[in-house]
Structures are given as C-alpha cells and as structure tokens.
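Worksheet: the structure to be examined is printed underneath.
A short reminder: the numbers here are calculations on the coordinates, not readings from a lab. Keep in mind that what you see is a predicted model, and the values were worked out from it rather than measured. FYI the Cβ positions are ideal-geometry reconstructions off the backbone, even for glycines, and counts take in every protein chain you see.
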Amino acid sequence: MPHSDEHPKPKSVEKKGGVLRRQSYQWLKTALELRKRFFVTGRPALYVWAVFVGVVGALCAIFFEHAVDWVQNLLTGTDGIGQLEAFVDIPDWRRVAVPAVGGLIAGLILLFTHRFVPHRATEYMEAISLGDGYVPPKPSLLRSLSAVFTIGSGTAIGREGPLIQTAAAAASAIGCRCHLSAPRLRLMVACAAAAGMSAAFHTPLAGGFFICEIIMGALTVEILAPILVSSCAGYLTLSFFGEQTPIYPAGSVFLNTDTYVVLCCVLLGVIASLAARAWLWMLKYARAKLNGRRHWLPVRMALAGALVGAVALWNPEIVGNGAHMIRGLVDSHYGLSDGSLLLLCKVLLVAIVFGVGTVGGVLTPSLTIGCMLGFIFNSLMFRWGFMENQTVAYALVGMAAFFTTAASAPLTSIILVIEFTMAGHMIFPTAVAVLVSYCMARFFKVESMYHDSLVFGKKSVFEKPMWEVRLSDIVRKLPPCVHPKDTFGTIVSMLLRAPSQVIFVVNTEGKYIGSIIARDILEFARNKDLADAVIALDLVHCDLPVLHPEMTLPSAVGVFASQQDRGAESLPQVDALSGELLGFVNKTDLYLAMSEIMRREKVG
Amino acid sequence: MKQTPRIPIILLPESSDQNSTIDVLLATLEGEASAEVLGHLKTEVFARETTSSTYLDNGLAIPHGRIPGLNHVLLAVGVSAPGILWPEAGQDAHLIILLGVPSSMVAGYLVLMQRLLRWYKDAPAIRPDHFEEDIQQVRSAILTLLA
C-alpha cells in the first residue's frame, strides 16, 4: 500500500512461516465449518450428552457382564455356558468351593478398598438423589470388582446394583473431566444409570422410569426426556451386540380379566405387599445382625458363599440372582412343592448374603421372590379349586406387586415386568395388583429397599432451603480465560477446543477485566487477517454485570434476566474485595438448581 | 454501522514520532467528538498500544481504542513517506489509521478491521507528488469500507 517508490514495502516477517500458517488456517477453517454444522449448546447439548453417556453406560454394563462370565469360567473351569449349566456340570466339592472362594476374594477386595483407598464409596443413588453427581471412581470400581467375583461365583445376590454403579462411575468421571456443573453432572450420572439398567434388563423404558421414579423422584419432561434418550441409546448399543431380546419372554401369557380375576389380582396385591414388607424387614435384620467387624468380612462372605454352594448341592437353581428361577417359572418347570422350597431357600440365602455385607443388588432377587409368590398363590388357589391354572400370568402379577412395595415404584414395576416379558396383555391385571400394593405400602408407610441410599448420606446443595443456597454452591470452577494481549487466533482456537459461550479476560494476577461473548466473534473466526491484528482487549465487554459468591439464586436470576439480549449465557463470579475471577455461573445450571430445590421443597 | 461524516487524511510531518502522530491525528477529530471523548480515546489508544503493538504489516498501523459515550466510529488517517517508527514492533509505519470505536461495538469493529486489512493489501501507493489526488482515492475507498 501507500509507500512511495523510494521507500519500498517492507518484507513480511511472516514470509518464512507462510506455508505453515496457511496450513493451520486451513485446519481452523475446516474445524469451524464442522463446529458450525454440528455444535449445539444449551438444552440440545443435554440430549447429545445423554446419547453419549447412554452408550458409555451400556458399554460398561456389557463389560461388567463379560467380566462376570470370565470369573465364572475361571472359578468353575467351564467355558461359554450359563451359570446354572456350569453349576450342574461341576462336581459337588466345586459347587461348594466356588461361591466360597468367590466370596473370600470379594471380601478381601472390599477390605483392601477400605484400608487403602481414602475416598468413601458413594452409591450412585446417593450421588444422584442427595449429592452433586460425583461418584468417586476408585472405590466404586473396586467395589464393582468385588461384586464381579461375588456374582461370577454364583452367590445369591443381584448384579444390577454394581452394574449400574459402574456405568454411573464412568459417567461421573467423564463429566468431571469435562467440568460439568453439579446439576448437569447429576443428570448425566442419572442418564448413565438408566442406560445401565436398560442394558441389564433389555428394557429401555423401565430403565428410564427406574431412575426417575425411584431415585430422582420426578417424572417431569425436563428430567425424564434426557434420561429416556440415554436409556434408549443404551438399548440401541446393546443391539449392536445382538442382545436386545426380552430376558423373560412371555408374550403369549394372557389373563381373561373378568371381575373375579380382578379380585384375585387385588388379593395377590395385598399378599405381595405384606410379603414385601416382611422381606424388607428381613433384609434390615440380616444386615444389622450379620454385618459385624470389618476385618472378618472376607470370612463372612466366604461362609455365606459356602452356604449357597451347600444348598446348590440340592438344587443348583438357587445360585445367582434368581434369573434362572424366573425363566424356569415362565417356562413352567416347577411344581408347587419345588417352587415353595426354592422360594424359602432363596429368601434365606439372599438375606444372609446381603446381610454379611456383600456388594450386590437385591432387585432381581426381589423380582424372583415376587414371581415365586405369584406362582405359589395361583398353584394353591388352583389346587383348592378357586382359580384356573395360570401360574405364569400370576407369577408376573406377583412380581410386579411385590416389587412395587419393595421399591415404592408402581410405574417402574408395571413397565419393567411388561417390558422384559413383552406380555402386553398383562398390563391391566398387573396394574390392578400394583395399585393395591402401592396403596398398602403408603398406608403402612413402608420404607423401600433403597430408602437408606436415598435419605442418608452426605447432603448436597439441593437439600438446602432456597434461602440458604448461594452462588458459590453452584459455581463452575476453572473458567475459560485469556489475557488482554492474547490474539484473536488464540481465542478462536480455545473456542474450538472447549466450546464456550463466554470467555473471560483476566490480568496476570487473575483479576477480572471483562468477558468476550462467542456470538460476537465466531463468524469472523475464519479470517486469518484478524488472527494477529486483533487481541482480547479489543473484544472484551467490560460492562457486563458480575456475580458474587454470597448472592442468592433468585437475585442471580434477576441479573441474568437483565442481560437477555446480550447473549451472555454465563456470568463471572468475582470476589467482591479483590476482584479476582473465582469461576462462572451458567444460566441453565442456575435454572436447573432452582428447579430441583423448589421441587424438593414442594415434596418435602 | 453509522457512516462517519468526515475522514481527515493528513501528511504527517517528517519529525513525527508515534506519540506526536497519535496526538496530531486526534487533533484532526476535534469537530467530530467532544474533548472529553477525545481525551478518553487518547487514554485507550495508548493503553492498547502498551498492551500490544498496533503495527500490523507492510507499513500499516491501526492505533485504536474502544470507548463508551461514542455512537459512531471515529477515523483519521495519517501518511508518512519516510515512515514513523513504531517502537514495540521496531518497524516504520507509513499509513497510520487512528480508530475510535464505540465500546458496545464488537462485531462492527471486526467488520471494519477485516475490510481495512483486505483493502490495504491491494491499495495503490500514495505518491508524495500526487498527494491530494491519491488521498481522495483513499478517502473514497475508506468511505466505501465504512458504508
């Protein structure tokens, strides 16, 4: 440009690196195109995350199952056959030794975890319901490893609990790495748990409802929708491994729903609810009496395993979580006396195994007990001439009714049973029994088997009353920051690597100067001329309001409302005295936190 | 973006340095904004210069600042045949474009910078012996950029 001929144009200092610069701009241009096409923010981003953690959760569940199979093969010396078949094939001494050894190893792992891992293990239910979604990974994974040995050795305990815990721990780790806020992390962990449940039972709907109804206690669309997206993503992931068939297929089961049948279902609902109360009492009693000093845990678990093995000498179907018994019943393999004896043994063994401190779930054992109860109910009524022989149908009804009281989850019970049997014709009679069971549970104020996890434990911000919660409780740490002299190219690269709607400008002491709103600059991001010509100081908005740690949530909402047209989805949280940038508050997080706190205050 | 009504373009004295150049260019804007605004702009321009040099490339420097209380872009152009040393960059600037931008304007500022930089690449040289003629072309070009 405007130089006379006597003063030739100075050579560009960048000419030597010109080729490299063109290549890096080309990358930037491509990356920006992709980002423009595919990147989403706000609510839609939630669903993208839900799909992602759904896949992760399902993969964790599949990995857990394979690990259990591997341990089973290792301990039983068999390969590629089911647990029941393995226990049928092995000699008597091994039938006793396998659960005992499995219990011993599992107990040693738990002891090691307690001694050498500083963090306390957090149940996924506690993390979602009470906490901030954080599930410490090490103790969770070690406890899951313990459960792998317990379950793989055939001990009578459920696998769903540790399986879902593994999925939740994975989602928590990913969420923490991506610096998700507490409300988002909770939701992502809940999504992964739903996907794990969906993968365990091949039930996408029930997986989602289990988490929403039992753990989150909310069935609003805002919460249910992403959780269902995640559980469906988990189910779809399962289909890639060819495993999406119903686990207890009973599609042809049918009950002619006349008044008499309805009354029978009502009666079964009452019986199942009372039985579930007794079952819950037994679990509590067993845990109180049998779970003694921690250093004896491996011995207790080994003895409990040996007891399972000893009973398995009589009937190998007693091993495991009870899934064989449900299948056997659906396939009509049992007579009344066999079924009754199996039920009695199962109840006692699960209570003992659970009571000694074994890591595992009681979901499938509870379903098994309910199933056997329904079977016995119909068998007796048939023998006495009061009913037709429809054991499978009443087994399904009994299963749902029993689980309703055991878990305080009427909706989940119905959907779970219908979904994993595909017995659509059984919806009405099941619903009748479930409603009766639920009414009885509420009348007698029965605490579900998940009550302790949902009530006791370290409380999070969501348990506080609204007037006590401060912005410091929901602030996101590690805000995306630049210095005033950082170039436009640096800022754009940062936006690409970690997409954010706002970038904060701080001086060398960390004092807040202003905010750069991504919306202002992204359309210019491909312009290589601006990359070095413009710096952060040229783009900063110094007049955006700042938030302080001691502000309440409602006052912060007012501040955000006043900035609606500025496009600032996040505002800085600044120390009132020093002006130091402490973090930032995202508008969606704020609304999520307020919504959750208000919901809990209302339920109360 | 509101069009500026006047773009002063001056030939800078030979003895000018960076500071005096900026002062001279600010003086040409006296009719465009109040003294207070111009004083604020001076502070911001020097603060910007201290943070990072506004010398860009091939003899172009764009000292600028974003200030409140302004509702349109202020622009003044200085031309120096021998060049004005821009100390932080260690280069001589031959075309100096002083910009005052409203602090609320970010996207508009980026548009202007983008256009200025693109224009500068292909703009013809200003000849000292055809100064008046050449600056008319520059003024027309910049007015077009601002439109």
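Okay, here's what the table says:
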read-out	value
Relative packing of B:17-27, A:49-59, which averages over residues the other C-beta atoms within 10 Å, highest first	A:49-59, B:17-27
Inter-centroid distance (Cα atoms) of region A:541-597 relative to region A:234-265, Å	49
Loop chymotrypsin sites (Phe, Trp or Tyr not before Pro), region A:348-422 (other Cβ atoms within 10 Å of the site Cβ: 10 or fewer; DSSP)	A:384
Ordering of B:106-118, A:552-564 by burial proxy (mean other Cβ atoms within 10 Å per residue, highest first)	B:106-118, A:552-564
Against the rule of thumb 2.2 N^0.38 Å, how large the Cα Rg of region A:466-603 comes out	1.11
All-pairs Cα distance distribution in region B:15-147, expressed in whole percent, bin size 10 Å	12, 45, 37, 6, 0
Region A:259-455: radius of gyration and largest Cα-Cα distance (Dmax), Å	16.6, 57
Helical mean residue ellipticity (222 nm; -39500 (n - 2.57) per DSSP H run of 4+; nearest 500) of the protein assembly as shown	-19000 deg cm²/dmol
Where only alpha carbons of region A:194-238 are counted, the Rg and the Dmax (Å)	9.2, 27
Global geometry of region A:237-306, whether rounded, prolate or oblate, following the gyration tensor of its Cα atoms and the 1.5 cut on a/c	oblate
Fraction of the pair-distance distribution of region A:42-240 above 20 Å, Cα-Cα pairs, percent	55
Relative contact order computed over chain A (Cα-Cα under 8 Å; 6+ residues apart), in percent	16
Taking all pairs of distinct alpha-carbon atoms in chain A, Kirkwood radius in angstrom	26.7
In order through region A:344-359: 3J(HN,Hα) via Karplus (6.51 cos²θ - 1.76 cosθ + 1.60), integer Hz, x for Gly, Pro	4, 4, 5, 4, 5, 5, 4, 4, 5, 4, 5, x, 6, x, 5, 7
For region A:356-476, Kirkwood radius (reciprocal of mean inverse C-alpha pair distance, Å)	16.5
Sequence-separation-based contact order of chain B, relative, with Cα cut under 8 Å and 6+ spacing, percent	28
Anisotropy class of region B:1-68 from Cα gyration tensor, a/c 1.5 cut	rounded
